[in-house]
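Values in this text are rule-based calculations from the coordinates and carry no lab data. Bear in mind the structure is a predicted one, so any value in this text is a computation, not a measurement. Glycine also receives a Cβ, built like all others from the backbone with ideal geometry; neighbour counts cover every protein chain displayed.
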Amino acid sequence: MALNPFFLQGSQSEQRLIQELINEQLTIYGVEIIYLPRKIVNQDTILNEIESSKFDDNFAIEAYVNTYEGYGGAGDIMTKFGMSLKDDLTVTISKERFEDFISPFLGDLDRNNDDEINVISRPREGDLIYFPLGRRIFEVKFVEHEQPFYQLGKNYVYQLKCELFELSDEIGGWDQLNTTEEIDSVLEDQGYITSIVMTGTGTTAEAIAHTGTGYIRQIFLNDDGNGYTSTPVVSISNSPNGSPIANATAVAITTTSGNIRSIKEILLTNAGFGYTETPTISIAGGGGTGAIATCSIETTEFGIIRFDVSGSGYPIPPVVAIGTPTGPGAAATSIVGSGGTITGFNLSTGGKFYGISPNVTIDGPTSRVGVVNTLMPTNSEGTLTLPYGSGYSNGIFETSGGTGTGLKVEVEVNTGTTIIGEIPTIVYGGYGYSTNDVVQILGGNNNAYIKVTAVTTGIGSTATADSILTNGVVTGFTITNPGSGYTMAPTVSISDTAGDKDYSSSGLTTAIVRANVSAENKVTSIHIINSGLGYASAPSVTIADPPTGIGTFTFNELVTGSISGAKARVKTWNKTNKILKVGTTNGTFVPGDVIVGSASSARYSVDIVQSAEFADKYDKGDEIETLADTFLDFTETNPFGTY
């Protein structure tokens with residue numbers, strides 16, 4: 001039969017009355033919950049899987065707890081890995097309240113941000129519910145919108161069927177939670193947490209290099225051996241010097257490839273000194289066999305033999321810069337001729353290790369001397385006549401007269417005659433001359449005279465020379481400018497080997513070393529890979545500064561590692577103990593990483609990654625495994641029997 005015509009059966013006024021009664025009941029008998037909408041950050045465009053999301057907004061709404069006798073689901077159960085919580089929660093919320101007080105804000109958030117919010121008109125599966133009575137967070141698994149079923153032709157409520165939210169190690173999951181302090185603190189120490197010990201401040205390491213002769217230049221690993229279970233001991237035969245510090249020492253560095261552990265390299269901790277013959281190297285212990293090593297020695301030249309080091313605050317070995325070796329330079333004295341010029345050199349030592357000809361510098365005259373600058377032909381009375389004189393030929397002639405000495409000139413005679421036809425040219429300006437001195441050009445029958453009309457009264461010209469090399473040793477010089485005005489032999493300076501533009505071909509070798517740090521972050525030693533060659537004196541040793549920590553990390557800010565590029569969000573930061581806990585790491589932080597906070601700009605260096613695991617206060621899996629290891633032995637047989 002037809003519906004009763006005396007009732008409206010779903011008029012707007014009846015529907016409105018029902019909705020208002022439901023809203024009032026929810027405010028009386030319900031509880032206030034916090035609705036956390038999920039924002040999609042990244043989504044796979046092929047499989048439509050959500051790769052990362054975040055929860056950074058929250059909305060309070062009243063709800064009726066359908067499971068009034070307590071949480072539904074399987075409850076708290078014991079598993080072989082510890083306690084597991086399987087609680088469910090079903091709550092009812094007003095459809096009108098959600099559409100009027102939450103949906104409009106979701107629409108604004110979706111329009112104003114790049115993050116995507118799917119379906120803003122109703123609650124969505126995947127959103128979270130914070131239940132304040134139990135301080136728990138539930139995930140919406142299903143939204144029922146047709147129960148009760150169309151009373152008076154309309155639905156008035158949503159039933160949210162939720163399960164206890166279980167953390168995972170998904171990138172951008174719980175680490176993106178940023179709502180209120182009460183909600184954020186619920187899972188502050190849960191989820192995938194990496195605990196990192198940071199370093200603060202330290203002292204810059206300093207090192208003093210010691211040099212010597214008769215040292216081990218380098219160790220060569222001829223066979224890396226195999227089967228080592230621990231680091232073997234390296235022994236080097238004693239130096240004939242007799243001093244304990246003269247004996248070379250070395251350590252082995254092992255490496256593992258698959259199930260095979262072998263020796264990677266052998267490094268010197270002391271290159272020793274006083275060796276006249278190549279020492280023997282023996283490798284013993286460590287459970288392995290087959291490793292063989294030899295070495296080369298240097299008996300005549302100097303190299304680095306050991307270091308004295310100090311310094312703290314280094315999470316990883318710092319970079320060590322060793323000064324370039326400086327070979328012994330050449331030395332020589334100059335020879336001054338009668339004309340006040342440099343005529344040669346006496347080589348006292350040729351030096352060593354020159355790759356190219358060194359620079360040679362000769363000091364200028366040390367006193368104020370009169371060097372002839374300009375000449376004027378004249379006769380004995382001082383009157384100019386040209387041409388003049390006789391009995392000359394083209395060439396260089398000495399002079400006589402005046403207050404100075406050493407002036408030499410070059411003359412040019414007229415064609416077919418012995419008469420000087422041009423003003424002579426100065427070859428050597430000599431020294432000690434005064435203005436208007438008249439000197440005679442020697443060598444002709446009818447001697448000609450020159451009037452010195454201008455002289456210099458300052459320091460004369462300097463002279464330079466190119467060196468001649470044989471096997472890296474200076475053997476001679478080529479004079480390129482003899483200078484003038486020298487009254488005594490000037491000082492000759494020859495650049496040492498390090499002053500050359502190129503000494504790579506000379507045989508000099510810069511030492512190669514590697515610093516080592518202890519568990520206390522102190523630089524304990526410097527291992528020598530190659531002792532170098534040609535250190536006439538101890539070189540400078542520069543060790544990089546330790547990292548300096550500054551600032552305070554803030555909760556949930558994004559931090560990034562400088563070396564690894566790993567990214568994570570801050571859970572907690574203990575500035576006293578320098579322990580940083582981060583959640584949901586994208587990548588793996590490594591020692592030496594400088595972790596920088598995006599919001600706080602705090603920066604500290606990673607000492608060690610203390611732990612990286614999924615933290616659950618009810619998970620006892622690690623404790624069970626540790627305890628089982630004390631009485632279950634799988635190394636030889638299956639303790640549970642065979643089948």
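How large is ³J(HN,Hα), in whole Hz, for each residue of the stretch 522-534 in order, when computed from phi with the Karplus curve 6.51 cos²θ - 1.76 cosθ + 1.60 and θ = phi - 60°, using x for Gly and Pro?
Taking θ as phi minus 60°, the curve returns 9, 6, 9, 6, 10, 7, 9, 8, 9, 6, x, 8, x Hz for the stretch 522-534.
Glu410 versus Glu49, label points 7 Å from Cα toward the beta carbon: distance in nm?
Inter-label distance under the simple model: 9.0 nm.
Which one of Thr548, Ala568, Val517 has its Cα pushed farthest toward the positive end of the charge dipole of the stretch 506-587, where Lys and Arg give +1 and Asp and Glu give -1 at the Cβ?
Positive-end residue among those listed: Ala568.
So what J values fall out for the stretch 349-366 if you push phi through Karplus, 6.51 cos²θ - 1.76 cosθ + 1.60 with θ = phi - 60°, rounded to Hz, Gly and Pro as x?
The phi angles translate into 8, x, x, 8, 6, 6, x, 9, 4, x, 6, 10, 10, 10, 4, x, x, 8 Hz.
Can you work out the PRE-style zone for Thr480? Point 7 Å along Cα to Cβ, and I want the residues of the stretch 344-368 with backbone N under 13 Å.
Label zone hits: 357-362.
Please report the equivalent ellipsoid semi-axes of the stretch 182-278, computed as sqrt(5 x eigenvalue) of the Cα gyration tensor, largest first, in whole Å.
44, 23, 9
Here are some pairs, Lys54/Lys571; Lys86/Lys141; Lys39/Lys95; Lys95/Lys154; Lys86/Lys161; which of them have Cα atoms lying more than 18 Å apart in this structure?
Lys39/Lys95
Using a 10 Å cut-off on Cβ atoms, rank the peptides 485-495, 211-221 from the highest mean neighbour count down.
211-221, 485-495
Going by C-beta contacts inside 10 Å, put Phe105, Phe307, Phe59, Phe149 in order with the fewest on the left.
Lowest count first: Phe149, Phe105, Phe59, Phe307.
Mind listing the long-range amide H neighbours of Lys571? Cut-off is under 5 Å, sequence gap 5 or more, other chains count too, H placed in the peptide plane at 1.01 Å from N.
So Lys571 has HN proximity to Asn556, Lys581, Val582, Gly583.
Would you pull out the residues with amide H under 5 Å of Ala293's amide H, same chain only if 5 or more places away, H placed 1.01 Å from N?
Those qualifying (amide H under 5 Å, at least 5 residues apart or on another chain) are Asn222.
Note the full-extension length gain between Ser103 and Phe59 as 0.36 nm times their separation in residues minus their Cα-Cα distance, in nm to one decimal.
Once the chain is fully extended between Ser103 and Phe59, it gains 14.8 nm.
Between Ser600 and Thr255, what length comes free when the chain is fully extended (0.36 nm per residue of separation minus the Cα-Cα distance, one decimal in nm)?
That works out to 120.2 nm of additional length.
Using Cβ contacts closer than 10 Å as the measure, can you line up His210, His145 from fewest to most?
In order of increasing Cβ crowding within 10 Å: His145, His210.
What residues qualify as long-range amide H neighbours of Thr326, i.e. H under 5 Å apart, gap of 5 or more or another chain, H built at 1.01 Å from N?
Distant-sequence amide H within range of Thr326: Ala536, Ser537.
When the dipole is taken about the Cα centre of the stretch 371-456, and only Lys, Arg (+1) and Asp, Glu (-1) are charged at their Cβ, what size is it in debye, to the nearest 20?
80
If neighbour count is taken as other Cβ atoms inside 10 Å, put Asp607, Asp545, Asp437 in order from fewest to most.
Starting with the residue having the fewest Cβ neighbours, the order is Asp545, Asp437, Asp607.
Would you mind working out the magnitude of the charge dipole of the stretch 189-312 relative to its Cα centre, with +1 at each Lys and Arg C-beta and -1 at each Asp and Glu C-beta, to the nearest 20 Debye?
My answer is approximately 160 debye.
Report the GluC sites (Glu not before Pro) located in the stretch 275-338 that are in a DSSP loop and have at most 13 other Cβ atoms inside 10 Å of their Cβ, or state none.
Here the GluC sites (Glu not before Pro) that fit, given the DSSP loop and packing criteria, are Glu277.
Cut-off 12 Å, label point 7 angstrom out along Cα-to-Cβ of Thr280: give me the residues of the stretch 234-256 whose amide nitrogen falls inside.
236-238
Taking 0.36 nm per intervening residue step and subtracting the Cα-Cα distance, what contour gain separates Ala454 from Thr374 on full extension?
Extending this stretch completely gives an extra 28.3 nm.
Give a residue-ordered list of calculated ³J(HN,Hα) values for the stretch 431-441 (Karplus: 6.51 cos²θ - 1.76 cosθ + 1.60, θ = phi - 60°; whole Hz; x for Gly, Pro).
Here the 3J(HN,Hα) series is 7, x, 7, 10, 4, 6, 4, 10, 10, 9, 8 Hz.
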